[in-house]
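See below for the structure under consideration.
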Amino acid sequence: MTDSQAVTTFLADFNHLHRLLKKLLNDQDVAFASAVQQLAKKHPIISAHQLDLDAIRSLRNLIVHEKIASHEEVAIPSSSTIALLKSIIEKLNGPQTADYFTKSVTYFNHDLSLQEALKRIASERYSQYPVFRHQQLIGILSAQTITHWLAQVDLETVNLENISCEEILKHNKSKPLTKQNIISPDFPIFKIDDRLLELLQHNDLPVLLMSNQPNDIQPDNLMGIITPWDLPTIFQHQ
């Protein structure tokens, strides 16, 4: 690669990276330095490369603003610098949540009996189950919710065949789902742990439902469910 090609490649990649940072902040006017400073506080990739990005910004400014009289470049980016810049871009471009958490989601109908629900929980060994009434999501039934309900009733007199999933949700006054519990397939995987932590801090349900129609979740468009049990997978790909 000639010096001219190195400069052209470096500047193109720098501009690409700047666009990615703007997108992460949802701010099309933010300067590169400010974007790095803001994202370093919450984005693991930017935090890990903050010093590298500061050096890359300085090199870019030197190339763009400090040409000598003959118009020759006063600095030429090395192959290792270009490789580093491309590496950061690749990390920011992936992976997305759908890459690792797309799977069939087991859900319960609102009128499913508790007896049948317990059988399915024992068989499938999941901890959270979306509950739908006529295609409308009404809540999340968890093993913990059921255990709490069972601890409050007289098991000798209650008939589990006559207790529905919806009754369990109502009895325990299950917390309502909010928009914070819903994510799209392109949700960045590095943001999942922050979202789960935010839900826990607000005493909300620590579960995320992934759907390609997040404004109208139905059984057919559920693409995945994420709970704190998935954090090891999340950390592995940050």
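The values are calculated or read from the model by the stated rules, or taken from the named source; none is laboratory data. Quantities reported herein were computed from a predicted structural model and do not represent experimental measurements. All Cβ positions, even for glycine, are placed from backbone atoms using ideal geometry, and neighbour counts span all protein chains on display. Heads up: the accessible areas ignore ligands, DNA and RNA and are worked out on the full protein's heavy atoms, side chains in. Shrake-Rupley method; radii C 1.70, N 1.55, O 1.52, S 1.80 Å.
Here are the numbers for the structure shown:
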quantity	calculated
Within the chain: Cβ-based charge dipole about Cα centre, in debye rounded to nearest 20 (Lys, Arg +1; Asp, Glu -1)	240 debye
Separation in nanometres of the label points that stand 7 Å from Cα toward Cβ, at Gln28 and Asn203	4.2 nm
Over the chain: helical MRE at 222 nm, DSSP H runs n ≥ 4 each giving -39500 (n - 2.57), nearest 500	-14000 deg cm²/dmol
Length-normalised contact order of the chain in % [C-alpha pairs under 8 Å, at least 6 apart]	18 percent
Surface accessible to a 1.4 Å probe, Trp149 within the full protein complex, Å²	10 Å²
Heavy atoms of Ile163: accessible area, 1.4 Å probe, square angstrom to 10	30 Å²
About the Cα centre, charge dipole magnitude for the range 11-62 (Lys/Arg +1, Asp/Glu -1 at Cβ), debye	120 debye
Angle in degrees between helix 50-65 and the longest Cα principal axis of the chain, rounded to the nearest 10	40 degrees
Nearest-ten-degree value, helix 79-92 long axis tilted from longest Cα axis of the chain	20 degrees
Within the accessible area of the chain (1.4 Å probe), percent carbon and sulfur	48 percent
All aspartates and glutamates inside 14 Å of Lys86 as judged from Cα atoms, apart from same-chain residues fewer than 8 positions distant	Asp13, Asp52
GluC sites (Glu not before Pro) lying in DSSP loop within the range 118-226, provided at most 13 other Cβ fall within 10 Å	Glu156
The chain: angle of helix 192-201 to the longest principal axis, Cα-based, in degrees nearest 10	50 degrees
Debye equation applied to the C-alpha atoms of the chain, log10 I(q)/I(0) at 0.11, 0.13, 0.15, 0.16 Å⁻¹	-0.69, -0.84, -1.00, -1.09
Sites Lys170 and Thr102 - FRET efficiency at Förster radius 25 Å, r taken between beta-carbons, to 0.05	0.20
Lysines with Cα under 20 Å of Lys191, excluding same-chain neighbours fewer than 8 positions away	Lys22, Lys23, Lys41, Lys42, Lys91, Lys103, Lys179
Gain on full stretching of the segment that runs from Gln144 to Ile89 - 0.36 nm per residue minus C-alpha separation	15.7 nm
Antiparallel DSSP beta bridges within the chain, percent to nearest 5	75 percent
